[in-house]
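A.B. asks: Once you've had a glance at the structure underneath, I'll fire off some questions.
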Amino acid sequence: MFRCRKEDVAAIRIIDSYAYNNCTTSAPIILDSNEDFFGPSRTLKAGDNPIWKIEAGMEECTFPWIYPTGEGGELDMKRPISLKLRDYCKLRLMCADKRWQGDSIWIFRAMNLIQRDDLCTAVNCHAKKQFNKDRLCYNIYPSIGKAIRGTAAFWSVPRKILRSMYATLSKPNIFLSVNLQDDVEFLTHIDPTRFGNVNEPNYEVIDSLSDDDYLQLVNENSALVSRMCHRRMLAFEKFISDKKHPFFIDYIVTNYFFKIEFQRGGLPHLHTLLWLDNFPSVDTIEGRQKITEFIDKFLDTSLPDQQTDPEGYKLSRRIVPYNLQFLKTFRCNHDIQVVTDPWASAEYLFSYVAKDAHMEKNLIYQMSNCTCSSLTEAKTLLLKTGNAVLSHRQVGKVEASWTVL
């Protein structure tokens, strides 16, 4: 028999923020044992109790390391003010105590409960509203799927909005992609002793931090990352829409379209399409010449002088080309491009937003020839479909915190 030497055994760390969201939490429906396609059996029938209830003390018993005294959970009877589930989870993640945001299981459970509650509400509302008009669950599901973030039905709403903007505003002029995470602000906030303060960061330590260690810190502070990125998104919206001091020099942003996605590292990424006032046309020689002059004035590819501008030098080493004003304001990776093919830009925005779209398409195909004889049967089938989609999504910890918050 071979034995592992103790000095070769190392603890396993979760360094990738992606995880399958198939937590075994209470769900609103029960499935037959032979229906493997829809996932494991659940606890409550849709017809008996469409909106399931959470038992008192369940959270305290599930997470004894968070609640060592057995009190303070979601249904604590000693709490003087009753809270809705979403408000309770949001306040826990915003708490200065990091026990909740540091626990991956608790965050995924909170997101599961909230989204299943939203799913049940959508099923009860839309199934009752549309059942008398159309008994095909295939035609009812799009209204239900909008309640589940990341599904094709969810993204159909912003897709229609963008299509209407194309029809009324013509094509956009600028495509801007921004990484909402500011590494310097985040690291100096969680450990100022090691990484310095935000005004005087320790760039040597920050640059020497490995990707694995950085993702580990992100996972341990996922709620903080979500809140910081959301705040920066709102600041970015004000920054580009400022008419007194236009970001694009001579061109004012008249309209914009935002889409948030969570990339491989699990961090939020902002894709933006911008419509500028009186922007030159790419279809004429004169317009292309003006655009070239604008790009030369707006973007830079050279490194700033290390002696006269040390901050710009350190920030611009990883980004080419860049806008120095934007870089110093938000201190994040960004990509600014002039749109030459508007339909290609729109296709890029929605090309990979639904990573599990194939499974969802198969589910909808299964319902295509299904006609329900009663409202209860329609609710049960729609809940089964929504439950299957919820149980097989690939969701990161930061995205889960973003959904709860």
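The values are calculated or read from the model by the stated rules, or taken from the named source; none is laboratory data. Every value quoted in this text rests on a predicted model; they were computed, and no experiment measured them. We place every Cβ from the backbone using ideal geometry, glycine too, and count neighbours over all the protein chains shown. Only protein heavy atoms, including side chains, enter the accessible area calculation; ligands, DNA and RNA are left aside. Shrake-Rupley method; radii C 1.70, N 1.55, O 1.52, S 1.80 Å.
A.B. asks: Looking only at helices (runs of 4 or more DSSP H) that lie completely in the stretch 54-146, which have at least 2 residues being aromatic (Phe, Trp, Tyr)?
C.D. replies: 104-130, 137-145
A.B. asks: Have a look at SER373, SER316, SER401 and point out the one that is outside any helix (DSSP H, G or I) and either at pLDDT 85 or above or more than 20 Å from the chain's Cα centre (by Cα) (or both).
C.D. replies: SER373
A.B. asks: Turning to a different aspect of this structure: For the subset of the stretch 296-313 comprising residues that are touching a Phe, Trp or Tyr at 6+ places or on another chain (Cβ under 9 Å) and assigned to a loop (DSSP other than H, G, I, E, B), which member is farthest from SER208 (Cα to Cα)?
C.D. replies: Per the criteria, the residue is LEU299.
A.B. asks: So for the stretch 255-263 (the condition being open to solvent by less than 50 Å² (accessible area, probe 1.4 Å) and more than 15 Å from SER177 (Cα to Cα)), does at least one residue qualify?
C.D. replies: Looking for residues that are open to solvent by less than 50 Å² (accessible area, probe 1.4 Å) and more than 15 Å from SER177 (Cα to Cα), one finds none in the stretch 255-263, hence no.
A.B. asks: Please pick out the residue among LEU113, LEU217, LEU209 that is in contact (Cβ under 8 Å) with a residue 60 or more places away in the chain and either under 20 Å from the mean Cα position of the chain (by Cα) or open to solvent by 10 Å² or more (accessible area, probe 1.4 Å) (or both).
C.D. replies: Just a single option satisfies the conditions, and that option is LEU113.
A.B. asks: Of all residues in the stretch 319-341, how many are under 21 Å from HIS245 (Cβ atoms), modelled with pLDDT under 85 and aliphatic (A, V, I, L, M)?
C.D. replies: 2
A.B. asks: Being more than 19 Å from the chain's Cα centre (by Cα), charged (D, E, K, R) and either open to solvent by 20 Å² or more (accessible area, probe 1.4 Å) or at pLDDT 85 or above (or both): is that true of ARG86 here?
C.D. replies: no
A.B. asks: Quick check on the stretch 308-328: of everything there that is polar (S, T, N, Q) and within 19 Å of PHE175 (Cα to Cα), which residue is least open to solvent (accessible area, probe 1.4 Å)?
C.D. replies: Ranking the candidates gives ASN323 first.
A.B. asks: Right, another one. Could you check how many residues of the stretch 36-61 are more than 21 Å from ASP118 (Cβ to Cβ) and either open to solvent by less than 60 Å² (accessible area, probe 1.4 Å) or modelled with pLDDT of 80 or more (or both)?
C.D. replies: 3
A.B. asks: Same structure, new question: Would it be correct to say that ASN278 is assigned by the TED database to the domain that holds LEU169 and in contact with a Leu (Cβ under 8 Å, 6 or more places away or on another chain)?
C.D. replies: no
A.B. asks: Exactly one of (1) under 24 Å from the mean Cα position of the chain (by Cα); (2) closer than 26 Å to PHE294 by Cβ; (3) not aliphatic (A, V, I, L, M) is unmet by PHE247. Its number?
C.D. replies: Status for PHE247: all satisfied but (1).
A.B. asks: Scan the stretch 375-391 and report the pairs whose first residue is assigned by the TED database to the domain that holds ASP118 and whose second residue is surrounded by 22 or more Cβ atoms within 10 Å (Cβ to Cβ) and among the charged types (D, E, K, R), with Cβ atoms within less than 8 Å and a gap of 6+ or a chain change.
C.D. replies: ASN387/ARG42; ASN387/ARG116; VAL389/GLU360; LEU390/ARG116
A.B. asks: Which numbered condition in (1) in the same structural domain as ARG393 (by the TED database); (2) surrounded by fewer than 19 Cβ atoms within 10 Å (Cβ to Cβ); (3) at pLDDT 85 or above; (4) in a helix (DSSP H, G or I) is the only one that MET165 fails?
C.D. replies: (1)
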